[in-house]
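One structure is given below, encoded as structure tokens.
The values are calculated or read from the model by the stated rules, or taken from the named source; none is laboratory data. As the structure is a prediction and not an experimental result, all values here were calculated from the model. For neighbour counting, all protein chains shown are included, and Cβ atoms are generated from backbone atoms with ideal geometry for every residue, glycine included.
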Amino acid sequence: MVKVGVVGYGVIGQRLADGVARQKDMELVGVADVAPTLAIRALKEKGMPYNLYLAVPDNAKAFEELNIPVSGTLEELVQKVDVILDATSAGVGAKNKELYAKYNKKAIFQGGEKNSVADVFFHGYANYEKGLGKQFLKLTSCNTTGLIRSVDCLDRLYGIEKVAITIVRRVADPGDYHRGLTNALQVDKAPSHQAVDLMTIMPHIEATGILIHTPVTHGHIITVVAKGKKKITKEMALEAFKTHDRIRVVRLADGFLGNASLFRYARDLGNPRGDMYEIAVWEESIVESGDDIMYAINIPQEAVTIPETMDAVRACMEMETDRLKAVAETNKYLGLGKWK
Ligand SMILES: NC(=O)c1ccc[n+]([C@@H]2O[C@H](COP(=O)([O-])OP(=O)(O)OC[C@H]3O[C@@H](n4cnc5c(N)ncnc54)[C@H](O)[C@@H]3O)[C@@H](O)[C@H]2O)c1
């Protein structure tokens, strides 16, 4: 059993902890955070399913006052585990890295950290082998994770030379009042970092793109225009997406009209918090444009990076050296592909 600790119990950290708890070949030793946030209070109210460690021991009194049981300090947690999943606020992971390095532990960082924090910029499907045995891995951001899933899916079957993407990005997670509510669209400088990141992970593909912020909280939508080495037809793209366990093909005709239909469907399924690990591609969005293929995908930003982070644990701990066997293990434990 590989022993795992989660540092930062926020939007991503809570979901990483749940994800690890579902992997039968990993043990969640505990989670760490700095303060009794609402997520920590909810953890207590749920009966402390996960042990809690303090990242700032000086804050112990605040936890005591709320009768929140504490199992030790972050430093103690680090010593007990084989690998840390750092899901702290962007930039904090780079500081925490010193502690992980001090005890010679492996660590996996999320998309908000700079690429320089890690030995490998990692995606479970696109470059699994590069993560094998490495000490520090960094996951792609939510949009990039989903984008790469779909492009890698077509690339491996048919070969892709070039993609152009448009991202309609959710402006904040539910409850992120500090980000403000902007009833407006905001355009970022091109090329978007997701296109640049894709080229870092898949250097054989030329990518560019534009990102527009929009005031919604339930998912991003990316449109992709991809140029194959040979022409990819709508049927070929559909067939490829249907075989992929982290891509759900949905239809407008069935009532999946947009991001909100998918969020509601996930809630109807009883998924905790309405989470979805899979990206969705709309069947009716797949369209040929000359020799190019175009399609739209939905990115459930709060949960989409969890499966690839589980893959990262398998890679850095060398639990499995074969890419497809590794992602299949993660998929099995997270129930991915069960809709087929
Ligand atoms: N929210 C998303 O949709 C999303 C999607 C993909 C990737 N990410 C990335 O995941 C990472 C975490 O983002 P998030 O949205 O979960 O943030 P968040 O603010 O919801 O959670 C961060 C947590 O880290 C805790 N924290 C801060 N400093 C700490 C420290 N020194 N030690 C321990 N805990 C500390 C905070 O108290 C908070 O609970 C970032 O790199 C972000 O870019 C976020």
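General remarks:
- Single match in Leu54, Leu16, Leu43 (criterion: modelled with pLDDT of 95 or more, crowded, with 16+ Cβ neighbours inside 10 Å and under 18 Å from the mean Cα position of the chain (by Cα)): Leu16
- In the stretch 19-40, of all residues being part of a strand (DSSP E or B) and not small (Gly, Ala, Ser), the one that is surrounded by the fewest Cβ atoms within 10 Å (Cβ to Cβ) corresponds to Glu27.
- Search result, residues across the stretch 74-104 that are away from the ligand (no atom under 11 Å from the Cβ), touching a strand residue (DSSP E or B) at 6+ places or on another chain (Cβ under 6 Å) and not aliphatic (A, V, I, L, M): Lys80, Asp82, Tyr100
- Look at the stretch 46-65: where a residue is assigned by TED's automatic domain parsing to the domain that holds Gly30 and a partner is more than 16 Å from the ligand (Cβ to nearest atom) and in a loop (DSSP other than H, G, I, E, B), sitting 6+ places away or on another chain with Cβ atoms under 6 Å, you get Met48/Pro69.
- When Thr321, Thr309 are screened for being in contact with a strand residue (DSSP E or B) (Cβ under 8 Å, 6 or more places away or on another chain) and closer than 22 Å to Gly131 by Cβ, only Thr309 passes.
- Looking across the stretch 105-115 at every residue that is within 11 Å of the ligand (Cβ to nearest atom) and without any contact (Cβ under 8 Å) to a residue 60 or more places away in the chain, the one that is surrounded by the most Cβ atoms within 10 Å (Cβ to Cβ) is identified as Phe109.
- A search for C-beta distances below 8 Å between a residue of the stretch 232-260 that is assigned by TED's automatic domain parsing to the domain that holds Val168 and any residue that is in a helix (DSSP H, G or I) and of a type in the set (Phe, Trp, Tyr), counting only pairs 6+ apart in sequence or on different chains, returns Ile232/Tyr158; Met236/Tyr158; Ala240/Tyr158; Ile247/Phe241; Val249/Phe241; Phe256/Tyr265.
- For the stretch 303-340, a residue qualifies if it is among the hydroxyl-bearing types (Ser, Thr, Tyr) and either closer than 13 Å to Tyr125 by Cβ or buried (at least 16 other Cβ atoms within 10 Å of the Cβ) (or both), and the qualifying residues are Thr305, Thr309, Thr330, Tyr333.
- Total residues in the stretch 41-72, condition within 11 Å of the ligand (Cβ to nearest atom) and more than 20 Å from Gly19 (Cα to Cα): 4
- When residues of the stretch 1-13 are limited to those that are within 20 Å of Asp275 (Cα to Cα) and surrounded by fewer than 21 Cβ atoms within 10 Å (Cβ to Cβ), the one farthest from the ligand (Cβ to nearest atom): Val11
- Among the residues of the stretch 126-147, the one identified as basic (Lys, Arg) and part of a loop (DSSP other than H, G, I, E, B) is Lys134.
- Residues satisfying the stated conditions in the stretch 193-220, i.e. touching a Pro at 6+ places or on another chain (Cβ under 6 Å) and touching a residue at least 60 places away in the same chain (Cβ under 8 Å): Gly219
- In the stretch 24-37, residue nearest to Glu65 (Cα to Cα) [restricted to those that are of a type outside the set (Val, Ile, Thr) and more than 9 Å from the ligand (Cβ to nearest atom)]: Pro36
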